[in-house]
Amino acid sequence: MPEKYWPETVILWGAGATKPLGLYATKELIQLVIKINDNDFSFLENKNEELKNAFKKLVTVDLIKDNKLSKIYDLKALEIIINTNPKLNMHELFTMLDQLIDNDMGFNAFCKGKTEFLRVERIKGAKRCLILLIEELERLSVQKEPGYMDSVNVEPYYQLSKILTELMKEEAKYFEERGYKRDTRRFYLYSYAIISFNWDPILLWNLFNAHKEQNDNPMYLEGGLKLRLFDDFGTKIASTEIDSDESEIWYTADESQCKRVNDYKYPSRIIRVGKILFPHGIFGSRICPECGKYITTFGGRWDRLSTEVFGPSVSKGLQSNWQYKTKRESKYKRGALECPYCGQITYPYDMPLIMQTLAKKRSISPLEEIKTEMGLLMKNAKHIIFAGYSLPLDDIMVKTFFMSSIAGNDRNKLKCTVINYDEDYKDGENWLRGESIGKYIKESTNKSVVECIENVCDIFNLQNVRVSLKGMPDVFMKNGKCEKEKVIDLLYPKEYFREGFPLIRE
Ligand SMILES: [Zn+2]
């Protein structure tokens, strides 16, 4: 019989969850691209001077005057396209670019009193530029001092990561005491999984750091074996080791290692893994243009606040601490990352990000694999948390994918938590249920939150849904600190899991 154990709680992590970090949502990103196009840099007003200048230089000098960069990332072409209709939203813009590229068609633009024809090569350049701008804007948004995130903003996410790590340690102890075999999923698989629809690696980086602190000072299990905690990305991703000068290949952990390492015949240490998936891709990752492998970087050193985890930038000033590791990377710069498999140089435009588009998606095999894993996680979950993730209303594909993923799940049993933010309700009761949800939907003037809740209630049974309007990170904070009891209530509420934490795996 196949092992039937899956993470009981699946967290869908979206833009709303990272807003307090300064990261922009899609809607804001397109507004910023339009502002850049209008030479309006008012959004940089409160930014550090060095960062402000570096960003301005990128969009007014590097992407315009640099011979190589301006051809690859065609900002001028992007501006021409946007100028024909500044009301475009991101979804429409990407769909339009993809349609033209798929059909091998150019674009005839009438603006500033004349027409200009852009050949399809320039449409491709415009799309690359749009993705580059999104990446650079997000990297910029989290930087306080050049190269570093704001420690105050990041603190709640770090505390959350510490508590999640602690819970997975406790789980290991309880599961061992109950006699769950350590080479089975029942023991080694975390009871929570994260599916991030964001491209930013901030939560991941905090979890990595919290895990590392545990692993460096580990808990001991049966037979004096050290416990080690890792993350599984749902596909094999190669990188190079953090804190190492070598560019030797290095892999993220995965489930198959748990089987080997936890083997009773060869006791050395005990590992557990949690699933953390990025079905839309992650900043800093690349598909190697030569060998086709999926690679990424987590930066050069263990520094919790460093932005290096976003990967190298085409602009030195926007990733000031980045050190190129190999000779070829140092030679080519401009965001170069050497493929640890074949040695080919990859660039930011090799970054596979899934954008909202109605055009036929080019299949990117590692991301397809992650999507399959995501479907399985959803299908086998007992409790799904929408953490700042709103089903995109204009993307029916996403909603239908969700519907089919959970179709095999008993709807009467599948529980759901929605965390959203409403200024007017943030001080109200902790959880809205049943009629209170209906009342909120009727009374609230916050259209986007109401739509998000309605969408979720379309998929789940209303009596299995609870809603918090306190937003992230307040939903798990008390007196300015992340509280363990609140995290447990968020992930493993007694109303959904009778036994509470730690869960019982029958
Ligand atoms: Zn390669």
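Table for the structure above
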read-out	value
Candidate set from the stretch 331-348 (those that are more than 15 Å from the ligand (Cβ to nearest atom) and part of a loop (DSSP other than H, G, I, E, B)); member that is surrounded by the most Cβ atoms within 10 Å (Cβ to Cβ)	Gly335
Test: Ile270 is touching a Phe, Trp or Tyr at 6+ places or on another chain (Cβ under 7 Å) and either at pLDDT 95 or above or more than 16 Å from the ligand (Cβ to nearest atom) (or both)	no
Count - residues of the stretch 233-256 that are under 16 Å from His211 (Cβ atoms) and over 24 Å from the mean Cα position of the chain (by Cα)	0
Failed item, numbered, when Trp13 is tested on (1) under 23 Å from the mean Cα position of the chain (by Cα); (2) modelled with pLDDT under 95; (3) surrounded by 14 or more Cβ atoms within 10 Å (Cβ to Cβ)	(2)
Within the stretch 294-304, considering residues that are surrounded by fewer than 21 Cβ atoms within 10 Å (Cβ to Cβ) and at pLDDT 95 or above, the one farthest from the ligand (Cβ to nearest atom)	Arg304
Of residues in the stretch 19-30 being aliphatic (A, V, I, L, M) and in a helix (DSSP H, G or I), the one nearest to Pro156 (Cα to Cα)	Leu21
Which numbered condition Ile384 fails, given (1) within 16 Å of the ligand (Cβ to nearest atom); (2) modelled with pLDDT of 90 or more	(1)
Check on Ile134, among the β-branched types (Val, Ile, Thr), farther than 24 Å from Ser315 by Cβ and at pLDDT 90 or above	no
Counted residues, the stretch 276-288 - those being in a loop (DSSP other than H, G, I, E, B) and more than 14 Å from the ligand (Cβ to nearest atom)	7
Sole exception among (1) assigned by TED's automatic domain parsing to the domain that holds Leu318; (2) assigned to a helix (DSSP H, G or I); (3) buried (at least 20 other Cβ atoms within 10 Å of the Cβ) for Glu176, by number	(3)
Any hit, the stretch 315-327, residues being within 16 Å of the ligand (Cβ to nearest atom) and either assigned by TED's automatic domain parsing to the domain that holds His211 or farther than 28 Å from Asn206 by Cβ (or both)	yes
Index of the failed condition, Cys291 passing every other in (1) touching a strand residue (DSSP E or B) at 6+ places or on another chain (Cβ under 7 Å); (2) of a type outside the set (Gly, Ala, Ser); (3) within 16 Å of the ligand (Cβ to nearest atom); (4) under 27 Å from Lys275 (Cα atoms)	(1)
Single condition Ser315 does not satisfy, out of (1) over 24 Å from the mean Cα position of the chain (by Cα); (2) under 16 Å from Lys68 (Cβ atoms)	(1)
Residue in the stretch 293-302 that is in the same structural domain as Val154 (by TED's automatic domain parsing) and outside any loop (DSSP other than H, G, I, E, B) present	yes
Number of the condition not met by Gly125 [criteria: (1) modelled with pLDDT of 95 or more; (2) within 29 Å of Leu391 (Cα to Cα); (3) in contact with an Asp or Glu (Cβ under 6 Å, 6 or more places away or on another chain)]	(2)
Residue in the stretch 201-215 that is within 22 Å of Gly299 (Cα to Cα), part of a loop (DSSP other than H, G, I, E, B) and in contact (Cβ under 8 Å) with a residue 24 or more places away in the chain present	yes
Search result, residues across the stretch 349-375 that are assigned to a helix (DSSP H, G or I), away from the ligand (no atom under 16 Å from the Cβ) and in contact with a helix residue (DSSP H, G or I) (Cβ under 7 Å, 6 or more places away or on another chain)	Gly375
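Residue-wise test of (1) in a loop (DSSP other than H, G, I, E, B); (2) outside the structural domain of Thr346 (by TED's automatic domain parsing); (3) in contact with a strand residue (DSSP E or B) (Cβ under 7 Å, 6 or more places away or on another chain).
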position	(1), (2), (3)
Leu12	no, yes, yes
Leu32	no, yes, no
Asn46	yes, yes, no
Lys52	no, yes, no
Lys68	no, yes, no
Lys71	no, yes, no
Lys76	no, yes, no
Glu79	no, yes, no
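The values are calculated or read from the model by the stated rules, or taken from the named source; none is laboratory data. Bear in mind the structure is a predicted one, so any value in this text is a computation, not a measurement. All Cβ positions, even for glycine, are placed from backbone atoms using ideal geometry, and neighbour counts span all protein chains on display.
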